[in-house]
Amino acid sequence: MKVKRYIGNTNQEVMQKIKEELGPEAVIVSNRKLRKKGIKGLFQKPVVEVVAAIDDAAYTDKSSLDTRDIKRLENIEYQMQYMGSMLKSLVNGAEGAEVDKKYITYYQNMLDNEVDKDVAQSVIKRAEELYNRDKIGIYESVYNSILYFIGRPKPINVYPGQQKIVLFVGPTGVGKTTTIAKLAAILSIEQHKNVGLVTTDTYRIGAVDQLNLYGEILGIKVEVVYSPNDILQALRNNRDKDVVLIDTAGRGLNDSKHQQELKETIGTAKVDEIYLVVSGNVSYKNCLDTIDSYSFLPNYKLIFTKLDDITRYGIILNCCFTAGQPLSYITTGQNVPDDIQLAYPEEIAKHLLERP
């Protein structure tokens with residue numbers, strides 16, 4: 001039995017190391033987060049430690065092989081992956097019947113990464129069009145097709161002399177308030193923008209206190225709005241700000257009163273941009289319900305939170321495909337402002353086309 005300890009910044013990074021060195025047959029023995037020793041460690045993001053093991057008979061040390069042997073092994077691995085995909089397709093019956101066999105491996109990888117079947121078939125259909133039109137490779141055609149459906153990331157851009165009003169919506173518990181705090185920190189500290197914070201979330205216990213705490217840390221006063229009619233006064237109090245970020249309450253998906261309040265807020269505040277915050281660790285059905293519930297919104301952008309809780313990213317493609325709206329940011333933890341970044345569709349596409 002070969003046992004080895006791996007350390008990295010994220011679970012995904014460590015799992016990739018294990019996959020590359022020990023292979024897909026490796027077994028995870030333990031998984032925990034560690035902080036560096038000493039007082040400095042208290043203010044640094046913890047690292048991930050994973051101990052993995054594999055039976056000696058299943059382990060092949062590629063460093064002891066020459067180039068020809070490595071290529072031979074990789075070719076065998078690809079053929080086995082292809083055969084496995086074909087077998088899965090046969091077991092699934094008609095599920096893969098409409099997919100050309102040259103795409104079957106990538107199609108099956110998407111399904112294994114929890115891409116919805118109909119979405120995966122739409123990706124392959126467009127990939128075929130790109131393959132025939134642009135004369136590119138099979139992988140490139142599927143990869144570019146995924147990029148098309150995810151769209152280019154749309155961040156908050158604030159230009160000189162312009163005030164931008166930005167509204168954040170989404171169900172309860174998806175992390176809207178923490179996400180807003182992260183973006184406020186980036187805009188104020190890194191981009192040197194004058195930021196205003198407004199919250200209409202007076203329903204959730206502690207919501208105002210939470211945003212107030214972040215505001216105190218950042219030196220930003222938080223305006224609390226109790227009804228859509230009060231939003232104008234809150235904006236007047238922030239008229240000197242470059243950008244105003246508005247937090248909203250997360251209510252039931254079928255709450256028609258909440259929908260009406262959001263419509264009034266959007267109209268009264270003359271909101272420039274809307275971001276729908278979605279948790280990455282929910283089911284596709286839950287995501288569909290969320291998108292349907294917020295379908296009354298004008299053009300919006302998607303933010304995916306809690307991606308540190310998942311290893312398969314099909315939910316992102318599924319939601320972008322269904323909503324027809326562009327991706328913007330992703331978050332990977334609670335640390336403010338570290339655990340947020342502009343989404344990179346290229347990385348997401350690459351993950352979706354690999355075996356999980």
**Report entry** Set GLY215, GLY196: member being among the small types (Gly, Ala, Ser), touching a strand residue (DSSP E or B) at 6+ places or on another chain (Cβ under 6 Å), open to solvent by less than 10 Å² (accessible area, probe 1.4 Å) and not in a helix (DSSP H, G or I)
**Finding:** GLY196
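Can you say whether CYS320 is surrounded by 15 or more Cβ atoms within 10 Å (Cβ to Cβ), over 19 Å from ASN157 (Cα atoms) and modelled with pLDDT of 90 or more, as far as the supplied structure shows?
Working: surrounded by 15 or more Cβ atoms within 10 Å (Cβ to Cβ): yes; over 19 Å from ASN157 (Cα atoms): yes; modelled with pLDDT of 90 or more: yes.
So CYS320 passes the test.
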Query raised in the report: Going through region 280-293 one residue at a time, which ones are among the hydroxyl-bearing types (Ser, Thr, Tyr) and buried (at least 20 other Cβ atoms within 10 Å of the Cβ)?
Result: THR290, SER293
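Here are some residues: GLN162, GLN233, GLN191. Which one is open to solvent by 20 Å² or more (accessible area, probe 1.4 Å) and within 25 Å of the chain's Cα centre (by Cα)?
Numbers: GLN162 fails: within 25 Å of the chain's Cα centre (by Cα); GLN233 fails: within 25 Å of the chain's Cα centre (by Cα).
Criteria check complete, one pass: GLN191.
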Query - Subset tally (residues that are polar (S, T, N, Q) and within 17 Å of LYS176 (Cα to Cα)) for region 225-258 - result: 1
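Could you tell me whether region 135-154 includes any residue that is small (Gly, Ala, Ser) and more than 28 Å from SER279 (Cβ to Cβ)?
Checking region 135-154: at least one residue is small (Gly, Ala, Ser) and more than 28 Å from SER279 (Cβ to Cβ).
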Query raised in the report: Being touching a strand residue (DSSP E or B) at 6+ places or on another chain (Cβ under 7 Å) and part of a helix (DSSP H, G or I), is that true of even one residue in region 218-232?
Result: no
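Would it be correct to say that ASP309 is surrounded by fewer than 18 Cβ atoms within 10 Å (Cβ to Cβ) and touching a residue at least 24 places away in the same chain (Cβ under 8 Å)? Steps first, answer last, please.
Working: surrounded by fewer than 18 Cβ atoms within 10 Å (Cβ to Cβ): yes; touching a residue at least 24 places away in the same chain (Cβ under 8 Å): yes.
The answer is yes for ASP309.
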Query raised in the report: Looking at VAL277, VAL225, which is the one that is buried (at least 17 other Cβ atoms within 10 Å of the Cβ), closer than 17 Å to PRO298 by Cα and not hydroxyl-bearing (Ser, Thr, Tyr)?
Result: VAL277
Query raised in the report: How many residues, within region 271-313, are in contact with a His (Cβ under 8 Å, 6 or more places away or on another chain) and farther than 26 Å from ARG355 by Cβ?
Result: 0
**Report entry** Output for region 13-66, where each listed residue is at pLDDT below 70 and assigned to a helix (DSSP H, G or I)
**Finding:** ILE39, LYS40, GLY41, LEU42, PHE43, ASP56, ALA57, ALA58, LYS62, SER63, SER64
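Do you know which of the residues in region 258-273 that are β-branched (Val, Ile, Thr) and out of contact with any helix residue (DSSP H, G or I) (no Cβ under 7 Å at 6 or more places or on another chain) is nearest to VAL225 (Cα to Cα)?
Let us first name the residues in region 258-273 that are β-branched (Val, Ile, Thr), namely 265-266, 268, 271.
Restricting the remaining residues to those that are out of contact with any helix residue (DSSP H, G or I) (no Cβ under 7 Å at 6 or more places or on another chain) gives 266, 271.
Values: ILE266: 13, VAL271: 15 Å.
This residue is ILE266.
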Report task. Mind counting the residues in region 323-356 that are without any contact (Cβ under 8 Å) to a residue 60 or more places away in the chain, more than 26 Å from LEU211 (Cβ to Cβ) and buried (at least 18 other Cβ atoms within 10 Å of the Cβ)? Result -> 1
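Take the conditions in a helix (DSSP H, G or I), surrounded by fewer than 20 Cβ atoms within 10 Å (Cβ to Cβ) and among the polar types (S, T, N, Q) and apply them to THR268. Does it pass?
Details: in a helix (DSSP H, G or I): yes; surrounded by fewer than 20 Cβ atoms within 10 Å (Cβ to Cβ): yes; among the polar types (S, T, N, Q): yes.
Here the answer is yes, as THR268 does meet what is asked.
The values are calculated or read from the model by the stated rules, or taken from the named source; none is laboratory data. Note that the structure is predicted; figures quoted are calculated from it, not measured. Because the Cβ atoms are built from the backbone with ideal geometry, glycine has one as well, and the counts that use them run over all protein chains shown. Accessible surface is based on the protein model in full, side chains and every heavy atom, while ligands, DNA and RNA are left aside. Shrake-Rupley method; radii C 1.70, N 1.55, O 1.52, S 1.80 Å.
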